[in-house]
């Protein structure tokens, strides 16, 4: 017997959108007048991005430290432009989401910093109304997937029960974390696999 799913929680990158890491780095490098490798060092090799995604630094400190490392000013608009440059909605996936029953509550849980709260609604504009108020980022929650505790914290904020929630993510480790937290969870890597999972749970 299929479980009764009343809520559907999506990962963002790799599920609802395609993320091109190189394009994002290139956009920031063009702004800073340096190489993409230098931007990668400043964001990732330094651990700064992980700190921001974990909520250990706020947006102001994150942008200030990035700008200091790259020896240029980096404001929110510059950062957002680089993220938009590297992020493209998966139109087929969004079409599947738009076709879901209106009674099904939808949300997003992503390992990203708080600036992504401004990015995601614009990328998923065709379905953004159905996600309003239910876009959760790890930087705000203070925990990251696959920690099972992040799912409990997210569900508490959403007012959802684990047993009636389906979570989909492109990384199996995150799916395992969701299952340990009591959610139904499955791996989705493109629109086709999303449709298969939705059909398996009787949602499409």
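The values are calculated or read from the model by the stated rules, or taken from the named source; none is laboratory data. In this text the structure is predicted, and so the values were computed from the model without any measurement. Don't worry about glycine lacking a Cβ; one is built from the backbone with ideal geometry, like all the others, and counts go over all protein chains shown.
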With the first residue restricted to segment 181-204 and required to be crowded, with 18+ Cβ neighbours inside 10 Å, and the second required to be at pLDDT below 95, Cβ contacts under 6 Å at 6 or more apart or on different chains are 184/3; 198/204
When segment 118-143 is checked residue by residue, the ones that are surrounded by fewer than 20 Cβ atoms within 10 Å (Cβ to Cβ) and part of a loop (DSSP other than H, G, I, E, B) are 132, 133, 134, 142, 143
(Q) Regarding segment 71-88, can at least one residue be identified that is farther than 29 Å from residue 125 by Cα and either touching a helix residue (DSSP H, G or I) at 6+ places or on another chain (Cβ under 7 Å) or touching a residue at least 60 places away in the same chain (Cβ under 8 Å) (or both)? (A) yes
| said: For the structure I just gave you, tell me whether residue 88 is in a strand (DSSP E or B) and loosely packed, with under 14 Cβ neighbours inside 10 Å. | reply: yes
Of the residues in segment 147-180, those that are out of contact with any strand residue (DSSP E or B) (no Cβ under 9 Å at 6 or more places or on another chain) and either crowded, with 19+ Cβ neighbours inside 10 Å or touching a residue at least 24 places away in the same chain (Cβ under 8 Å) (or both) number 6
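Take residue 134 and decide whether it is out of contact with any strand residue (DSSP E or B) (no Cβ under 9 Å at 6 or more places or on another chain), at pLDDT 95 or above and either closer than 23 Å to residue 175 by Cα or in the same structural domain as residue 187 (by TED's automatic domain parsing) (or both).
Values: out of contact with any strand residue (DSSP E or B) (no Cβ under 9 Å at 6 or more places or on another chain): no; at pLDDT 95 or above: yes; either closer than 23 Å to residue 175 by Cα or in the same structural domain as residue 187 (by TED's automatic domain parsing) (or both): yes.
It is false that residue 134 is out of contact with any strand residue (DSSP E or B) (no Cβ under 9 Å at 6 or more places or on another chain), at pLDDT 95 or above and either closer than 23 Å to residue 175 by Cα or in the same structural domain as residue 187 (by TED's automatic domain parsing) (or both).
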The lone condition residue 55 fails out of (1) surrounded by 15 or more Cβ atoms within 10 Å (Cβ to Cβ); (2) outside any loop (DSSP other than H, G, I, E, B) is (2)
Looking across segment 102-112 at residues that are assigned to a loop (DSSP other than H, G, I, E, B) and over 9 Å from the mean Cα position of the chain (by Cα), the single one that is nearest to residue 7 (Cα to Cα) is 104
With criteria (1) surrounded by fewer than 18 Cβ atoms within 10 Å (Cβ to Cβ); (2) part of a helix (DSSP H, G or I); (3) in contact with a strand residue (DSSP E or B) (Cβ under 9 Å, 6 or more places away or on another chain), residue 61 comes up short on (3)
In segment 4-28, residues that are under 17 Å from the mean Cα position of the chain (by Cα), part of a helix (DSSP H, G or I) and either free of Cβ contacts under 8 Å to residues at least 60 places away in the same chain or surrounded by 20 or more Cβ atoms within 10 Å (Cβ to Cβ) (or both) total 1
*Evaluate segment 29-51: report whether one residue or more is in contact with a strand residue (DSSP E or B) (Cβ under 9 Å, 6 or more places away or on another chain), in contact (Cβ under 8 Å) with a residue 12 or more places away in the chain and either assigned by TED's automatic domain parsing to the domain that holds residue 140 or part of a helix (DSSP H, G or I) (or both).*
no
